[in-house]
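Notes to accompany the following structure.
The values are calculated or read from the model by the stated rules, or taken from the named source; none is laboratory data. Everything numeric in this text was worked out from a predicted model, so none of it was measured. For neighbour counting, all protein chains shown are included, and Cβ atoms are generated from backbone atoms with ideal geometry for every residue, glycine included.
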Amino acid sequence: MNAFASGQLDLAPRRRGRRSSIGTWRWSDRIVLLGAWAAGLTLCAIAGAIVLYMGVRGIQYLHPSLLVSSPEAALDQSHSGGILDPILGTALLSLIGILIATPLAVCSAVWIAEYGRPRWLGRIMESSIEVIAGTPDIVIAIFGLALFQTQLLAGFSFVSTVGGAGASGGGVFGRSFLAAGSMMSLIAIPPIFAATREGLQALPTHMREAAYALGKTRIATIRRVLLPGVRSNIATGATLGISRIIGDTAIVVLLLGASLRIEPAGSTPGLDVLRGTGSTLTSFVYDNSPAGEGNAPQKAYAAAFLLMLLVLALNATVNLIARAHERRTGQS
Amino acid sequence: MRAGPITHEPPHLAALADPAPSTDPHVPPVRRIVVDREPTPVRPPEDRQTIREARTAGPERLRVESLTVTFPTRTAVKSVSLSIHQGEVLALIGPSGCGKTSLLRTLNRLTELTPGARRGGRVLLDGEDTDEMQDTDLRARVAMVFQQPNPFPMSIFDNVAFALREQSRKRPRKSELEPLVTDALRRAGLYEEVREELDRPALRLSGGQQQRLCIARAIAPRPEVLLMDEPCSALDPISTGVVEELIHELRRDLAIVIVTHNLAQARRVADKVAFMYLGDLVEHGTTEQIFEDPRATRTRDYVRGAFG
Amino acid sequence: MRRLAPDTRGLRSGVAGGLRRRRAPWSDRRAARALGGVSLLIALGIIAMIVFVVRGAWPMISHQGLSWLGSGGDVDRQLENMLGTSGNPPSSAYYFRAWPLIYGTLLTTGFAVLLGLPLAILSSIFIVEFAPPSLRRVTIPVVRLLAAIPSVVYGLIGVLVLVPYVGNHLITAAERTWMQNRVELTGAGLAPAAVILTVMITPIMVALICEALITVPRAWREGAIALGLNPLRATLAVTLRAARPAIAAAVVLATARALGEAVMLSMVSGSRSFTPSLADGRTFLFEPLRTVAAAIIESAEGVGAPALYAAIYSLALLLLFSALALSVAGYLVKLPLRKYQVRA
């Protein structure tokens, strides 16, 4: 924001110079001026319209009771059941995704920022993360589907007999919270990696040099000196990652099935939920909209409103973390 | 720290080193390292004097009347009055923070870019109040060269032609621009070095060449006044010498105002010198007078190097 | 808490012994190897992804070669037919001509980028150049907000607001009857899809371009102003020009995002693999279409059927391939522009 400040023509002197009044600009410049204002205001207007519309609909349809009752399989969806299970599903997926993604991303970022040999591995790893960041989430979901159908991992997924597609015996393998969660971790890795690496690169070298001069090994320096310094970066990256996980629909639809409620599979407590299916806020909205099978736009609005609130809250959290970090360390 | 001549000298520097053995055993000898290249011929002071006297100062181009410039945190320039003539080089000297750069930037109304800047007094260009002009017109007539060379990320040709293209009504063709660009490059002393490669990226040039390119870019539209903000401070000594030669050539057609930290440079280059201290114009006169017979004590202290 | 064992060995016990009893700290080499291993894991994961997708698509390629990229017949019906396959289907069961899907993807992505890029550049200039500070404080969070809204919410608003509006107010009854033999015009189609996709990808480009405009050295802009340009022209002629690599990168990123968008498009584009043609005049904008990504997400239910599985995976392979190609294109596009910059 600081860089913005100095480009202004702000002058209130005792003698006022004639500023370059727009009347003397060329026509092409004036059109650009008009276009720029129009573009900026259009974006604001669109955002305002979306927020207002979702707000109105959300308040209309989101009753607190919905938040605590589970969805019910009833013909008239508009009056029955709540959205508790989708909320839990969203929370569970985010948890799994972040728990897997954060260690992976932080370790990789630390390795690339502090070690980085052999070089070819570094380049491959950076390209891989770029590939992940650029891959559409639907392709990642497809990958997950194939991955969890292999012998090795099929035990972790749910055999779905719902919505069977005429498959030979069994049903559809490859769907479970664990499957969806692990693929979600893939889309959360790039933001955490980028944030952590940036944070590490921003740390002044004298921090490291001081620690080495005191005789600490590199890994000890990383653990004791550097990682605490990038705590807020990791937090920012993780929050961004959660925000992406919460908003993702394709992976959920492909890897979590379409059951209304959380349906555990098997009998081990805990593991059964992981192996089971359920829904999230995103898949709930998708299914209840005219594009899915549902005919309950009211529920869809309610869930969508909640979704937006969550995403906005997460983005605001990112800002708060960044500002607190700024205040504490004087860096921006 | 041991006394006595230093014995471990690389062979090629040994010939150039000038150990001045001191008589005091506790003081190590001073070694001057001389750059092993051809030094630029610098005109000895006497020649400079005669040339200056032979030239008559041209018409007055810029007049500054009681100029005051204030920023939110400080007053940079306090009621300064000056006169700048064509054919003359005016050097603004003074310690850091004395307001010479602010004064220079006010001459082409560049201070307006800083929020919170206020100005009092008048600046007249050829008798016209610069406040009454369009700032874009003013800057077409009063050009500026900055401390850090800042050629645009374009080819050499496009850099020099930049102002020419922007200031003309219709898009001029390359054939129309070529003679003007060539002329500007010649006057800036760069043409011979780049004549084959006008389409090369400007950023590939060396620092000294970049600064000469910026000068060519500034003088291409034939301004009346050229403002130079410490143009040589980022350059090596050879390039500095070349630019100083340039300034000698250019002042025939322009009025030049140069801000410099380097007193020796001011002495070499300037006809008139204005010494500023903390926003005040302490003394203003010819180079000889300021350096050899300054009237104010502060001026005397500064040019003798008592503070800087 | 460790109990200090009673000592019988004199100096070797107590504090010195305690220190030796502590776990040896990780050596740097172990740590480097461990961390490097994690990084390798990620790289391997990507290779696994490519391998798995190719493996899934292999039956389609082996039965149909590359002709499944061409056109021929109704894609929707082809996909439906594949639903019923099981076991080891014959070659004929794999009949698939996905061109209408590819065409739909190209149409929506093309529109979105063509509309979005000028919008993004002008908005960035607005934010960096013209906006008064109060408006700037509003516009930047607005851009972030638009980028953060989940695609399913965009899709919901599209299908519940835009599509009915187009269907009821923009499509005339005459057009409907004229098209009724070929396809039903419901309002879901190219227009709402392209508009919403534009809104979705513009914030991405605005963020990148703004950052680039700010990072360009101010000395250049100041030099341009000192040469007599007004601030807007200075920004256009110098700063924007210097930001060209960033603009190219923004376009690549936005295109990748548009290509991969499945959820919103499946809600809003009509899900009929019809090929809208310009020859239809104004109706072109209202004709339904289907994109590759949307087709995948819509067919995902039937993934147990082998032929459908192979079809879905071949479409995914197509998307993966395009994403990789775009990354390479992004890198290549920046190269010649670097010639004139200090950095890009």
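The table for this structure:
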quantity	calculated
Condition met for residue B:297 (surrounded by fewer than 20 Cβ atoms within 10 Å (Cβ to Cβ), within 16 Å of residue B:86 (Cα to Cα) and either under 11 Å from the mean Cα position of the chain (by Cα) or among the polar types (S, T, N, Q) (or both))	no
Every residue from region C:196-248 that is farther than 21 Å from residue B:148 by Cα, at pLDDT below 90 and polar (S, T, N, Q)	C:230
Residue pairs meeting the criteria (Cβ under 6 Å; at least 6 apart or on separate chains; first more than 7 Å from chain C (Cβ to nearest Cβ), in region A:102-116; second charged (D, E, K, R))	A:109/A:197; A:113/A:197
Scope region A:117-130; condition surrounded by fewer than 21 Cβ atoms within 10 Å (Cβ to Cβ) and at the interface with chain C (Cβ under 7 Å from one of its Cβ atoms); matching residues	A:121, A:124, A:130
The lone exception for residue B:143 - which of (1) of a type in the set (A, V, I, L, M); (2) more than 9 Å from chain C (Cβ to nearest Cβ); (3) in contact (Cβ under 8 Å) with a residue 60 or more places away in the chain it fails	(2)
Count - residues of region C:31-43 that are modelled with pLDDT under 80 and surrounded by fewer than 15 Cβ atoms within 10 Å (Cβ to Cβ)	0
Where residue A:249 falls short, out of the listed (1) under 23 Å from residue A:103 (Cβ atoms); (2) crowded, with 17+ Cβ neighbours inside 10 Å; (3) modelled with pLDDT of 80 or more	(1)
Tally, over region C:265-287, of residues that are more than 9 Å from every other protein chain (Cβ to nearest Cβ) and either modelled with pLDDT of 90 or more or part of a helix (DSSP H, G or I) (or both)	10
Region A:250-290 - residue that is β-branched (Val, Ile, Thr) and without any contact (Cβ under 8 Å) to a residue 40 or more places away in the chain and, of those, nearest to the other protein chains (Cβ to nearest Cβ)	A:285
All positions within region C:227-258 that are closer than 24 Å to residue C:328 by Cβ, surrounded by fewer than 24 Cβ atoms within 10 Å (Cβ to Cβ) and of a type in the set (A, V, I, L, M)	C:246, C:247, C:248, C:249, C:251, C:252, C:253
Qualifying residues in region B:100-134 (those that are among the charged types (D, E, K, R) and away from chain A (no Cβ under 11 Å)) - the one nearest to residue B:228 (Cα to Cα)	B:105
When residues of region C:123-135 are limited to those that are part of a helix (DSSP H, G or I) and either within 22 Å of the chain's Cα centre (by Cα) or over 22 Å from residue C:244 (Cα atoms) (or both), the one nearest to the other protein chains (Cβ to nearest Cβ)	C:123
Tally of residues being modelled with pLDDT under 90 and of a type in the set (Val, Ile, Thr) across region A:317-326	2
Search result, residues across region A:287-316 that are at pLDDT below 90, in contact with a Ser or Thr (Cβ under 6 Å, 6 or more places away or on another chain) and assigned to a helix (DSSP H, G or I)	A:298, A:300
Any hit, region C:247-258, residues being touching a residue at least 12 places away in the same chain (Cβ under 8 Å) and in contact with a strand residue (DSSP E or B) (Cβ under 6 Å, 6 or more places away or on another chain)	no
Which listed residue, of B:283, B:244, is touching a residue at least 24 places away in the same chain (Cβ under 8 Å) and acidic (Asp, Glu)	B:244
Helices (runs of 4 or more DSSP H) within region A:131-210 that include 2 or more residues crowded, with 20+ Cβ neighbours inside 10 Å and either within 25 Å of the chain's Cα centre (by Cα) or modelled with pLDDT of 85 or more (or both)	A:137-147, A:177-202
Count of region B:80-105 residues which are outside any loop (DSSP other than H, G, I, E, B) and over 18 Å from residue B:233 (Cα atoms)	7
Close pairs from region C:216-245: first facing another protein chain (nearest Cβ under 7 Å) and free of Cβ contacts under 8 Å to residues at least 60 places away in the same chain, partner outside any helix (DSSP H, G or I) and of a type in the set (D, E, K, R), Cβ under 9 Å, at least 6 apart	C:233/A:26
The listed residue being under 22 Å from the mean Cα position of the chain (by Cα), part of a helix (DSSP H, G or I), under 16 Å from residue A:136 (Cβ atoms) and more than 8 Å from every other protein chain (Cβ to nearest Cβ), out of C:258, C:250, C:293	C:258
In region B:168-189, the residues that are surrounded by fewer than 13 Cβ atoms within 10 Å (Cβ to Cβ) and not in a helix (DSSP H, G or I)	B:168, B:169, B:170, B:171, B:173
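For (1) closer than 16 Å to residue C:196 by Cβ; (2) more than 10 Å from every other protein chain (Cβ to nearest Cβ), each residue gets a yes or a no:
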| position | (1), (2) |
| --- | --- |
| C:137 | no, no |
| C:148 | yes, no |
| C:154 | yes, no |
| C:159 | yes, no |
| C:162 | yes, yes |
| C:171 | no, yes |
| C:175 | no, yes |
